Amino acid sequence: MTAEAALQQLKRGTVEIIPEEEMLRKLESGRQLVIKLGLDPTRPDIHLGHAVVLRKMRQFQELGHKVVLIIGDFTAMIGDPSGRSKTRPPLTLEETRANARSYVEQVGKILITDDPERFEMRYNSEWLESLGFKEVVRLASLLTVAQMLEREDFKNRYTHRIPISLHEFLYPLAQGYDSVPTACDVEMGGTDQRFNLLVGREVQAAYGLERQVAFIMPILVGLDGVEKMSKSLDNYVGIYDDVDTFYAKLMKVPDGVLRQYFELCTDVDGAEVEAFLAKGGMVGAHRVLAALLSAAYSLPRIPARIDLAFAQEVGLEFGFTGSDARLLAKGALAERVLAADERYRSIAQGGIPEKMPEVRLGTEVLQRGCIPVARLFTLAGLTPSNAEARRLIEQRGLRLDGEVLTDPLMEVRLERPIVLQRGKDRFVRVIPELG
């Protein structure tokens, strides 16, 4: 593949490459490039939003380049101020290390992590912990206070007289310094990291290195269609969600961002997406997206390309009838996706699926053979507290054996297996163990 063709492939789904001509020159050099990504170890769970950047890095690996994952165990003690409206509480080094333990296992779902020629992981405490005060002063001299206050988050806080701690100014400098010992050619990040990535270019130049290219990726909107995907907002699709959950969540992608999901989460081209919409409407296009991604993320490592060729390879076919799409399956993986589709359709029509989590309860939770309905939902794990269960019952958000509950003080006689339901697709079967 020519350097120009590689660049065009890498550009798909990006917001900005700064500067693009330097990226082309690096690709034309023919040498293996070092691609850096810094990860904040305060939240180790990875979802499709993280996968947008990780899949782009996988493309670099497929082109023969090396990914260096920087676990920001030291910078997490400062706290990344990007997008923050107040100072983030710092973590201890032990806390950040504990949060980082599962990262390699998780990113191995997307990145090639078992080839040392194409993957390396580093902790930035390796060089930042021993950095002397003289070097910290040198780093601090590279930027002015005015430049720091150009950052949108700092600017907003300064304008609204919200305190900014001096240590927060050190975060972009520390992250930028990570690019010195790794001598990276490209640094990846979302739009909220633009300032930090550009600081890295200046820090490298100050230490006599060739400046890195800033590769800026969009931030995936969550399932609410408004905020960025986040576990804390419960609008996420986890890359380790089971196939039924994965499929059902993707069917809920808002119509307005469906094309963005195709662009950022798959390799299906725009013309093919428009063809899905023309043949099967929004529902049909959603089924294609949900089937493709459910199949891909059911694998130990997702394929290099998630497209129609991949669908054909695993035995998935799409038949369009009217304003819908019908799935056809040949092979074990495709049949699992088809089962998830059938489960979703059944639930959407008010049905109760056969397969669901089970919870067994003994006589110790009963009084005269009964249990308060609110406590029942909490013990089943569908609500965090009895008070939340009562609130949801008052809002008609909970069901028992398919019937909407209306009395938050109701007691349930537990004599046989019963099905509890929260919302449209969260089910638990409670099985009494009456001894």
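Working from Cα positions, state the angle (0 to 90°, nearest 10) between the long axis of helix 270-297 and the longest principal axis of the chain. Between the helix axis and the principal axis of the chain, the angle is about 90 degrees.
Helix 166-177 and the longest principal axis of the C-alpha atoms of the chain enclose an angle of approximately 80°. Ratio of Rg to Rh for the chain: 1.03 [Cα atoms; Kirkwood radius as inverse mean 1/r over pairs]. By DSSP, the beta bridges lying fully in the chain are antiparallel in about 50 percent of cases.
Gain on full extension, evaluated as 0.36 nm per residue between Asp114 and Met410 minus their Cα-Cα distance, stands at 101.1 nm.
Pairs of alpha carbons in the stretch 320-392 separated by more than 17 Å make up 65% of all such pairs.
Taking every protein chain into account, the accessible area of the stretch 224-375 amounts to 48 square angstrom per residue (probe 1.4 Å). Hey, what angle do you get for helix 332-348 against the long axis of the chain, alpha-carbon based, 0 to 90 degrees rounded to 10? In the chain, helix 332-348 runs at an angle near 60 degrees to the longest axis. Around the amide H of Tyr123, modelled in the peptide plane, lie the amide H atoms of Ile71, all under 5 Å away and 5 or more residues distant in sequence or on another chain.
The values are calculated or read from the model by the stated rules, or taken from the named source; none is laboratory data. Remember, predicted model here, so these are calculated numbers, not experimental data. The accessibility values were calculated without ligands, DNA or RNA, using every heavy atom of the protein model including side chains. Shrake-Rupley method; radii C 1.70, N 1.55, O 1.52, S 1.80 Å.
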